[in-house]
Structures are given as C-alpha cells and as structure tokens.
Amino acid sequence: MIPEIADYEVRRELLRARKDRGLSRLDALKGMLGFARITTPVMLRAAEFWATARKMGRQSADDSSLDADMILVSQAVELVHDRDETVIATTNVRHLALFVSARIWREIG
C-alpha cells in the first residue's frame, strides 16, 4: 500500500519540479497497490511513537519538525493484521525499525 504520508512527500516534490509524468505514475501506483489514509488513530499513535523515540534518544527528526517517519510507522502498525506482515520499504531502516519491520527497499524481493 502507499501510505498517505509517503504520497505527500513524493507528490510535493513532483509538483514542485512540474513532473506531470511522475504524478501520473504515482497515481497509477496508488491504484495498483492501494492507499492508506492518515486517520485520527494514526496521528494519535504517531505522537506516542514520537515521544517514545525521544525518550530513548533515537529521534528521527528535529523536535520542532512534524516527523513524517513516525506517521509512517503509525500507518504501518495500523495495517498489520493477524497473519499479514507489514514491512516499510525505505532507505532509513534505523529509525523506523524501532517500532515496525523495515527493510532497505532494494533488498526486498
């Protein structure tokens, strides 16, 4: 699935760079994989993860930033079902793996 926070981060850059083909590809990918919306429970859990990471001295962003990584982690946790595995495909395994399974995206087969 495409998490809404990841769509936001990619989409804003595509819009800034006026990459219409990239936007079309992103929309097509969302249609193929599905879309995980940001909900109030996701944001509440993200705030808990944000606080926990800081208490552990493992924050992934400056204290004044939104910290999209914690929103992403919260969305992944929301998607976990009894027998399903949710893995975040990323280049930033270190911070995300504190809370959810995360792997380098090129290593996922």
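Side notes on the structure shown:
- Within region 62-76, considering residues that are surrounded by 15 or more Cβ atoms within 10 Å (Cβ to Cβ) and aliphatic (A, V, I, L, M), the one nearest to Glu9 (Cα to Cα): Ala68
- Condition broken by Val80, with the remaining ones in (1) open to solvent by less than 60 Å² (accessible area, probe 1.4 Å); (2) within 15 Å of the chain's Cα centre (by Cα); (3) hydrophobic (A, V, I, L, M, F, W, C) satisfied: (1)
- Matching residues in region 24-40 - criterion: being in a helix (DSSP H, G or I), hydrophobic (A, V, I, L, M, F, W, C) and touching an Asp or Glu at 6+ places or on another chain (Cβ under 8 Å): Leu26
- The criterion of being surrounded by 14 or more Cβ atoms within 10 Å (Cβ to Cβ), closer than 19 Å to Val87 by Cα and at pLDDT 95 or above does not hold for Ile2.
- Considered as a group, the residues in region 41-79 that are part of a loop (DSSP other than H, G, I, E, B) and among the hydrophobic types (A, V, I, L, M, F, W, C) include one that is farthest from Ser101 (Cα to Cα), and that residue is Leu66.
- Applying the condition of being of a type in the set (Asp, Glu) and within 17 Å of Asn92 (Cα to Cα) to region 60-72 and asking which residue is farthest from the chain's Cα centre (by Cα) yields Asp62.
- Output for region 83-101, where each listed residue is open to solvent by less than 40 Å² (accessible area, probe 1.4 Å), under 20 Å from Phe35 (Cβ atoms) and either among the small types (Gly, Ala, Ser) or outside any loop (DSSP other than H, G, I, E, B) (or both): Ile88, Thr90, Leu96
- Among residues of region 13-39 that are on the phi > 0 side of the Ramachandran plot, those with a beta-carbon under 6 Å from a residue that is surrounded by 10 or more Cβ atoms within 10 Å (Cβ to Cβ) and not acidic (Asp, Glu) at least six positions away or on a different chain give the pairs Gly34/Met1.
- Between Gly57, Gly34, the distinction of being exposed (fewer than 11 other Cβ atoms within 10 Å of the Cβ), within 17 Å of the chain's Cα centre (by Cα) and among the small types (Gly, Ala, Ser) belongs to Gly34 only.
The values are calculated or read from the model by the stated rules, or taken from the named source; none is laboratory data. Everything quoted here is computed from the prediction, not taken from an experiment. Don't worry about glycine lacking a Cβ; one is built from the backbone with ideal geometry, like all the others, and counts go over all protein chains shown. To get the accessible areas, we keep the full protein, side chains included, count just its heavy atoms, and leave off ligands, DNA and RNA. Shrake-Rupley method; radii C 1.70, N 1.55, O 1.52, S 1.80 Å.
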